[in-house]
Amino acid sequence: MSTANLQNKLELAYTIFCDDVRLEVGNKLSLIGVFQNMLVQQMPVSLIKFAIVNHWRGEGRYLSEVRILSPDRTQPVVVSEPAPFEITQGGHTDNVSFFVNVTFPMPGEYWVQTLINSTLFDEQPLLIMDARTVSQPAEATASDAIN
């Protein structure tokens, strides 16, 4: 299936980064520790557990993969196993990729890529910042403070 046809039948509604995902009663997902960037105390940083949730709409059968690339996009930090999913016409589904012991060696803008049928479908930036090198805002004076 061509990329144009694939994107006509499949829509990535959202991607969420979080610490963990749990399946609850009623087929509901509980997302724990949702974030879009990480400010860490030191580099390199290792995450014991890390999850990426993709919510899909459309129809058809697909094979999904998620990978995180280094800031220069030359090295994979972690790559998921391919996971098949199917959406009935007019339906939706969630695909959750779990990663364990992920190490980010340096601060920077990493790239979370979602592949469908081995073709790049979407990518999102994930900014990892070292708290020791991030400048702190100046302390507010009385006239700058909002009461």
Flagged in region 84-106 as in contact (Cβ under 8 Å) with a residue 40 or more places away in the chain and more than 15 Å from L47 (Cα to Cα), in numbering order, are I87, H92, D94, N95, V96
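So which of E109, E81 ends up being under 21 Å from V21 (Cα atoms) and either within 14 Å of the chain's Cα centre (by Cα) or touching a residue at least 12 places away in the same chain (Cβ under 8 Å) (or both)?
Details: E109 fails: under 21 Å from V21 (Cα atoms).
Unique residue meeting the criteria: E81.
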From the option list R57, R61, R67, single residue qualifying as among the basic types (K, R), in a strand (DSSP E or B) and within 12 Å of V112 (Cα to Cα) is R67
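Only one of F17, F50 is surrounded by 14 or more Cβ atoms within 10 Å (Cβ to Cβ), at pLDDT below 95 and within 13 Å of the chain's Cα centre (by Cα); which?
Numbers: F17 fails: at pLDDT below 95.
Of the residues listed, the single one that is surrounded by 14 or more Cβ atoms within 10 Å (Cβ to Cβ), at pLDDT below 95 and within 13 Å of the chain's Cα centre (by Cα) is F50.
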Does at least one position in region 65-72 carry a residue that is surrounded by fewer than 15 Cβ atoms within 10 Å (Cβ to Cβ) and either at pLDDT 95 or above or of a type in the set (K, R) (or both)? yes
Pairing a residue in region 123-137 that is within 26 Å of E65 (Cα to Cα) and surrounded by 13 or more Cβ atoms within 10 Å (Cβ to Cβ) with any residue that is at pLDDT 90 or above and of a type in the set (G, A, S), where Cβ atoms lie under 7 Å and the two sit 6 or more apart in sequence or on different chains, gives I128/G108
Consider Y62 carefully, then state whether it is at pLDDT 95 or above, surrounded by 14 or more Cβ atoms within 10 Å (Cβ to Cβ) and over 18 Å from the mean Cα position of the chain (by Cα). yes
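The values are calculated or read from the model by the stated rules, or taken from the named source; none is laboratory data. Computed from a prediction, not measured in an experiment: that's the story for all the values here. Note: ideal-geometry Cβ built from the backbone for every residue, glycine included; neighbour counts use all protein chains shown.
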